[in-house]
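As structure tokens, the structure follows; a few thoughts come after it.
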Amino acid sequence: MKITFCCTDTRAEPWLQGLSAALPGADISVWQPGAPQADYAVVWAPPQRFIDEQSGLKALFNIGAGVDALLALRLPPAMRVVRLDDAGMAVQMAEYVSHALIRHFREFDGYEADTRAGRWSYRRPRLRQDFPVGIMGLGVLGERVARAVAQFDFPVRGWSRSPRQLDGVRCYSGQQGFNDFLAATRVLVNLLPLTPETRDIMNRETLSRLLPGAYVINVARGAHLVDEDLLALIESGHVAGATLDVFRTEPLPAGHPFWQHPHITVTPHTSARTLRGESIAQIARKMAALERGEPIAGVVDARRGY
């Protein structure tokens, strides 16, 4: 088995060592232009030249959950793209969203500002039933987040392209259910894959349908959100604020309004980081399964974009 590694801005040596230990006997190397054809590839943001030269790959393993940048390349129609199912990212995402939600609900930002100013303050407790949490995207990550949020007794809504059923979650689906989902949501959590259909999905029209005093948590892709529309709705008071981990341009440019906005919390795309050990183990298992002719999970449907 010949494996090539092509991951932009990623130190290769620990990945090569881990893959060699998990797949003894495999020929594993860092891709260089002109390299011979490999059987499998482990990639992150590869150049188009890599795809053109390695057009005969049995499978292309992406070391992240999001595959939008990879699908933007010209891929051979028969090339199988495989994403990580979880590999430790789901629990990180659940932690992040729960923290952002509770920080907003309990008004910890306000308490923090008061204590910095030396003020001993009190805020009237809020009721959880007044803060229904709506999760867009009910895949592996979305389902884990929904279960975590439900543990804190918030009402939980979920929306997905296809119908889903999750215990403790009121599920909506399709375009017909989307507006009903938004109208039943005060805290909106975005975990959708980025596709042509979901790009700019959080815009003035959709965010205006949320319950008044809404809050936005975006941990999917920056291109899901129309920045100017969010800022305008915060200014109008319809949206109370946001926690944003992803942006249209990363790093977030200096001078962007999000940096200094008093009602927006910015984090540097860190809500769920790839855990190398767990990712290597999952990729190695799937490669071995493919060699045995067995089906694997996580194969991307290019038409859907996930």
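Just so it is clear, none of the values below were taken in a lab; they were calculated from the coordinates. As the structure is a computational prediction, the values presented were derived from the model and not from experiment. All Cβ positions, glycine included, derive from the backbone under ideal geometry; neighbour counts span all protein chains shown.
Distance between the modelled labels on THR270 and PHE152, one decimal in nanometres: 1.9 nm (7 Å Cα→Cβ projection). Of the peptides 290-300, 174-184, the order by per-residue mean of other Cβ atoms within 10 Å, starting with the highest, comes out as 174-184, 290-300. The slack in the chain from ASP109 to ALA302, taken as 0.36 nm per residue of separation less the alpha-carbon distance, amounts to 65.3 nm. For ARG124 and GLN165, a Förster radius of 41 Å and the Cβ-Cβ distance give a FRET efficiency of 0.65, rounded to the nearest 0.05. Could you list the residues of segment 226-262 with an amide nitrogen less than 19 Å from a label point located 7 Å from the Cα of ALA117 in the Cα-to-C-beta direction? Those under the cut-off are 241, 260-262. Extension gain, ALA289 to THR8, is 98.5 nm, computed as 0.36 nm per intervening residue step minus the present C-alpha separation. Once the Kirkwood radius over Cα pairs is known for the chain, the Stokes-Einstein relation at 37 °C and 0.692 mPa s delivers a diffusion coefficient of 157 µm²/s.
Of the peptides 104-113, 279-288, the order by per-residue mean of other Cβ atoms within 10 Å, starting with the highest, comes out as 279-288, 104-113. Packing, taken as the mean count of other beta carbons within 10 Å per residue, orders the peptides 8-14, 243-249 from highest to lowest as 243-249, 8-14.
Kindly provide the Kirkwood hydrodynamic radius of segment 89-266 in Å, to one decimal, from all pairs of distinct alpha carbon atoms. Spell out each step's value before the answer.
Details: mean 1/r = 0.0605 Å⁻¹.
Mean inverse Cα-Cα distance, inverted, gives 16.5 Å.
Nearest 5 is fine: what % of DSSP beta bridges in the chain come out antiparallel, could you say? Roughly 5 percent of the beta bridges in the chain run antiparallel, per DSSP.
What net charge do the residues around MET287 carry, taking every other residue with its C-beta under 12 Å from that of MET287, with Lys and Arg at +1 and Asp and Glu at -1? Please list the in-between numbers first.
On the way: positive: LYS2, LYS58, ARG80, ARG285, LYS286, ARG292; negative: ASP39, GLU291, GLU294.
Summing Lys and Arg as +1 and Asp and Glu as -1 gives +3.
Taking the number of Cβ atoms within 10 Å of each Cβ as an exposure proxy, the fewest-first ranking of LEU19, LEU166 is LEU166, LEU19.
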